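What follows is one structure encoded as C-alpha cells, with my remarks underneath.
The values are calculated or read from the model by the stated rules, or taken from the named source; none is laboratory data. Since this is a predicted model, take the numbers as computed values, not measurements. Positions of Cβ are backbone-derived with ideal geometry, glycine not excepted, and every protein chain shown enters the neighbour counts. Keep in mind that these areas ignore ligands, DNA and RNA; they rest on the heavy atoms of the full protein, side chains included. Shrake-Rupley method; radii C 1.70, N 1.55, O 1.52, S 1.80 Å.
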Amino acid sequence: MNLPITTMTATSSLSAQLRQIGLRALPADLDDFLSRAIKNRWSPHQVIDHLVRAETDERSRRSLERRLRLSGLKGFKSMADFDWAWPTKIEREVIERALTLDFLKEARNLVLVGRNGLGKTMIAQNICHAAVLAGSSVLFRSAPALLEELHRQTPEGRRRKLRGYANVGLMCIDEVGYLSFDDKAADLLYEVINRRYERKPVILTTNRSFKEWNEVFPNATCIVTMLDRLLHHADVTVIEGESYRVRESELEAAARRKKK
C-alpha cells in the first residue's frame, strides 16, 4: 500500500510512540494492521482484541527466544533419534516420565549414570529443551564450565552467580566425573546443589559411580553431604552398554570402505 508522505510520517511517529509504551508486534507491522482493520471493518472492540493477541504472541515468542539464549543449550539431537534398543540396560519409563516435566513441580532431581557415549547428555538436553518450551527458565552447563565460571569470579561475583544458579527453574550439570577437580571445586558444586535443595530441581549426568566421586574430587570433605542433598529427592537411573558414538564411527568407516 502506497501511503502519502504525510501519512507515512504520522504512521512512523505513531510506531515510535507505541514502542515507547512497550508494544512490539504492532509497531513493526502497523501499516498492515491498520489496512486489515479498515478492510475487515473491525469494531473498536475487535481492534483491541487483535492488538492484544498480537502483542501476547510476540511477547511469548521473545520470551522463548530469551530463555533459549540464556539456557546455554546448543544444537542437539531429538529424542526421536534416540536408539532405545542400543543400551543393554536403560529405564525407559523413568526417562519418558522426566520428559513430561512432572519432576519440576516436585523439585525432584534426576541423575543419569553411565559410561561415555550412551546418550546421557542428549537425554538431559531434550528434557531441558522441553522445560524451556513449557515456560521454565533453564541453565545447562557442563561441570567443568560451571566450576571454572565460579572459580574465576570475585567473592561478590561468585555470590551473585550462586544466587542465579539457585533460582533458575531447572539446572543441568553435565559431565561430572569426566575430569578431576580439587576440593575447592567440590565446595563450589556443593554450594550449587545445596542452594537448590528441596527448592528447585537439578539434572546431573555422570560417568562415575557415586563411590568413585572421591576420585573426582580428591581430598574433598563435602562429598558425602553433597550426595546426601543431591540424592535425597531424586530419580537415579543407570544406563549400561557400549558407546553409541563408537558404533557410529565404525558404521561410518564401513560405509567409506564400501565406497572405495
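Some values worked out for this structure:
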item	result
Long-range tail of P(r) for the range 86-129 (Cα pairs > 15 Å, %)	41 percent
Estimated dipole of the range 97-213 in Debye, rounded to 20 [Cβ of Lys and Arg +1, of Asp and Glu -1, Cα centre]	260 debye
Val168-Val52 FRET efficiency (beta carbon distance; Förster radius 30 Å; 0.05 resolution)	0.50
Order by protection proxy (mean Cβ within 10 Å, highest first), peptides 100-113, 19-32	100-113, 19-32
Trp86 - accessible surface, heavy atoms, 1.4 Å probe, Å² rounded to 10	70 Å²
Ile38-Leu70 FRET efficiency (beta carbon distance; Förster radius 41 Å; 0.05 resolution)	0.50
Cross-link pairs beyond the 26 Å C-alpha cut-off, checked among Lys74/Lys259; Lys89/Lys211; Lys74/Lys161	Lys74/Lys259
Angle in degrees between helix 44-71 and the longest Cα principal axis of the chain, rounded to the nearest 10	30 degrees
Degrees between helix 244-259 axis and first principal axis of the chain (Cα, 0 to 90, nearest 10)	80 degrees
Percent RCO, i.e. relative contact order, over the range 13-99, from Cα pairs under 8 Å lying at least 6 residues apart	21 percent
Phe210 versus Arg115: modelled label distance in nm, points set 7 Å from Cα along the beta carbon direction	2.3 nm
Separation in nanometres of the label points that stand 7 Å from Cα toward Cβ, at Glu93 and Gln153	4.0 nm
Shape category assigned to the range 114-217 from the gyration tensor of Cα positions, a/c cut at 1.5	oblate
Residue (of Ile95, Gln46, Ile21) at the positive-pole extreme of the range 1-124, dipole from beta-carbon charges	Ile95
Cα-Cα P(r), the range 198-260, percent of pairs per 5 Å interval	3, 12, 17, 16, 12, 10, 8, 7, 6, 5, 3, 1
For the range 50-66 versus the range 176-213, the gap between their alpha-carbon centres in whole angstrom	37 Å
At R0 = 45 Å, FRET efficiency that the Cβ-Cβ distance of Lys77 and Leu14 yields, to 0.05	0.45
Sulfur and carbon atoms: percent of accessible area, the chain [1.4 Å]	51 percent
Using alpha-carbon coordinates, inclination of helix 5-20 to the longest axis of the chain, degrees	40 degrees
Size of electric dipole in the chain: Cβ of Lys, Arg +1 and of Asp, Glu -1, about Cα centre, debye, nearest 20	600 debye
Heavy-atom surface of the range 138-202, accessible at 1.4 Å and reported per residue (Å²)	45 Å²
Rh by Kirkwood over Cα pairs, then Stokes-Einstein D for the range 28-131 at 1.567 mPa s and 4 °C, µm²/s	74 µm²/s
Three-way shape call for the chain based on the alpha-carbon gyration tensor, with the a/c threshold at 1.5	prolate
